[in-house]
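The values are calculated or read from the model by the stated rules, or taken from the named source; none is laboratory data. Small disclaimer: the values here were computed from a predicted structure and weren't measured. Don't worry about glycine lacking a Cβ; one is built from the backbone with ideal geometry, like all the others, and counts go over all protein chains shown.
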C-alpha cells in the first residue's frame, strides 16, 4: 500500500470477520435497495462503453472510477489489459496469478496472490466480460482471503481523439468493510487502481516507442 494513505490501510487491516448473524443481516439489507450509478470519472467515456460503467450499488457499498491518459494507441494498452491470466504485468501489488478454471474466455477463474502489506492474502476472481472489439474487460471477486467482498471491476480503453493516444477508465463497486466508512474504502481502492493504471500507461507507452 503506498504511503499516501496509511490511515486507510491500517483501518482496513484492523477489520475482523463479522459474525454469521451480522453478515446475514448485512446481506438482507443490501438486497432491499440497489440503485444504478455511474461514477463521475466514467461519465465522459464514449456511449458504446458507458453502460459498462453503470453499477448496481447497494446501501452498504461504495463505488468509484479512476481514469488515466496513455500516450499510446488503445490497441497497445488493450494488449496488456486483456491478459486475464497475467494481471501482474502491470498490477504491481499482485505477486502471482494462476488460472484454476477455463482458458481465458468469460467464466475463467484465476487465483491471485498479493504482496505483503495489504489487507489481503489471496483473491479468487471470475472473468465476467472480455470484449476485444470495444476494449472492455470486467471481473468479479468470488472468493479468497481478503476484506473487500463483492468487488466488481470494469475497465475500458478508448481512443483520445486525434492525439493518437488513449484513455483507460476503471470503475468498481465493493462492499464497505465493517468498521470503515465509504470514503475510507474508496480512498484505499482508488489508490490501488490509480497505481495500476499509471503502471499500465508506462508499459503501453514503452511498447509503443519500441514499434
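So here's what we get for this one:
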item	result
Filtered residue count, segment 113-135, keeping only those that are in contact with a strand residue (DSSP E or B) (Cβ under 6 Å, 6 or more places away or on another chain) and under 17 Å from residue 80 (Cα atoms)	4
Filtered residues of segment 96-121 (kept if over 22 Å from residue 49 (Cα atoms) and loosely packed, with under 15 Cβ neighbours inside 10 Å)	96, 98, 100, 101, 103, 115, 116, 117, 121
Which listed residue, of 179, 161, 144, is surrounded by fewer than 20 Cβ atoms within 10 Å (Cβ to Cβ), farther than 21 Å from residue 94 by Cα and free of Cβ contacts under 8 Å to residues at least 40 places away in the same chain	161
Those residues of segment 61-93 which are touching a helix residue (DSSP H, G or I) at 6+ places or on another chain (Cβ under 9 Å), at pLDDT 95 or above and either over 22 Å from residue 158 (Cα atoms) or in a loop (DSSP other than H, G, I, E, B) (or both), in sequence order	61, 62, 71, 72, 73, 83, 86, 90, 91
Condition met for residue 191 (under 21 Å from residue 123 (Cβ atoms), touching a strand residue (DSSP E or B) at 6+ places or on another chain (Cβ under 7 Å) and either surrounded by fewer than 18 Cβ atoms within 10 Å (Cβ to Cβ) or touching a residue at least 60 places away in the same chain (Cβ under 8 Å) (or both))	no
Those residues of segment 57-67 which are buried (at least 21 other Cβ atoms within 10 Å of the Cβ) and in contact with a strand residue (DSSP E or B) (Cβ under 6 Å, 6 or more places away or on another chain), in sequence order	61, 63, 65, 66
